[in-house]
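The values are calculated or read from the model by the stated rules, or taken from the named source; none is laboratory data. These numbers were taken from a predicted model, which means no experiment stands behind them. Cβ coordinates were reconstructed from backbone atoms using ideal geometry, including for glycine residues, and neighbour counts include every protein chain displayed. Surface accessibility is based on the protein's heavy atoms, side chains included, excluding ligands, DNA and RNA. Shrake-Rupley method; radii C 1.70, N 1.55, O 1.52, S 1.80 Å.
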There are 2 protein chains.
Amino acid sequence: MAAPLPLSAEDMLRVNGSRRFAAAMAAASPFASLADALLAARRIWLDEVDVNGWLEAFAAHPAIGTTSPSVSKWSKEEQSAALSTATDSTAQELAEWNARYREKFGFVFMICASGRTAAEVLAELKRRYTNRPIVELEAAAQEELKITELRLTKLFSLEPTVPSTTIE
Amino acid sequence: MAAPLPLSAEDMLRVNGSRRFAAAMAAASPFASLADALLAARRIWLDEVDVNGWLEAFAAHPAIGTTSPSVSKWSKEEQSAALSTATDSTAQELAEWNARYREKFGFVFMICASGRTAAEVLAELKRRYTNRPIVELEAAAQEELKITELRLTKLFSLEPTVPSTTIE
């Protein structure tokens, strides 16, 4: 049997931009399995990270549909369906609605875009725009959790493992 | 019949420390009655002010039980029952739990303290401390709304009125 390595707070910040989340996950690691890591992530994100931590995590994401060199590889992968299906007019409309959303709610529109087309993302943005701010905050946090789970899963599929008994 | 004066954003900031709230209330004024003002306040606070505005309003309050020259007259009135019933040990415990609360949630413990004793406030703080952050954020916002309503009512009872037809 192989046991995963401890996770560093730096690794965790690439998964979720909240420093409180990253520190708590690193402290709780190593995890015996991906399932254990996912359970810990859910508990820490929903029960321990405060609203400032949620906003900090949201702020680590590019606006959906943004293509700039600073966008992370994971963000690009998650948005690949949306980016490949965006016509110029959809991209323009997305940019406008993103700005309107940020003006109303004070943070970037969060969506786990994996596998969703640009038109689907835009429809969801317009639907959620009508939410009350507190309802939308929780919806955004749930999307952030989905992204966190997706990235943790990727991290575990990449993570080198060490034998559970090591030779000095 | 007398109609209330328009409310200034400055007046409204003494009622609720969110600049978005204050600007929207000032823009919606004058109100024909206190009831109209209370309805507008509820709508603006719950439907329009974003989470950053909520945090801004919370930050305008002293920690419950705090006595310093900078605490506003309204805050002192609202806390008069709590302050007059606080023994040294209750005051000490309140200060400790306030600090613990702020560490967990990232904002000051919000409670409409009007008429509540120090022991009641402390019991409520301990109870709410167990909440998930998103649940507590909404509870705090509801308390802020109660304080806002109380202060608006005081403001209306003080507000000078002008005749609905004025003589130039």
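Has segment A:70-87 got at least one residue that is touching a Phe, Trp or Tyr at 6+ places or on another chain (Cβ under 9 Å) and β-branched (Val, Ile, Thr)?
No, every residue in segment A:70-87 fails to be touching a Phe, Trp or Tyr at 6+ places or on another chain (Cβ under 9 Å) and β-branched (Val, Ile, Thr).
Given (1) within 30 Å of residue B:129 (Cα to Cα); (2) of a type in the set (A, V, I, L, M); (3) more than 14 Å from chain B (Cβ to nearest Cβ), where does residue A:23 come up short, assuming only one miss?
Here residue A:23 meets the rest and fails (3).
The rows are residues; the columns are (1) surrounded by 15 or more Cβ atoms within 10 Å (Cβ to Cβ); (2) part of a helix (DSSP H, G or I).
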position	(1), (2)
B:62	yes, no
B:81	yes, yes
B:90	yes, yes
B:99	no, yes
B:107	yes, no
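Out of B:54, B:45, B:74, I need the residue that is touching a helix residue (DSSP H, G or I) at 6+ places or on another chain (Cβ under 7 Å) and away from chain A (no Cβ under 13 Å). Which one?
Residue meeting the stated conditions: B:74.
With respect to residue A:71, determine if the residue is touching a Ser or Thr at 6+ places or on another chain (Cβ under 6 Å), open to solvent by less than 70 Å² (accessible area, probe 1.4 Å) and either in contact (Cβ under 8 Å) with a residue 12 or more places away in the chain or at negative phi (or both).
So residue A:71 fails the test.
Confirm whether residue B:51 is open to solvent by less than 50 Å² (accessible area, probe 1.4 Å) and within 26 Å of residue B:126 (Cβ to Cβ).
Judged against the criteria, residue B:51 is a match.
Would you check which residues across segment B:121-148 are without any contact (Cβ under 8 Å) to a residue 12 or more places away in the chain and more than 14 Å from chain A (Cβ to nearest Cβ) and list them?
B:123, B:127
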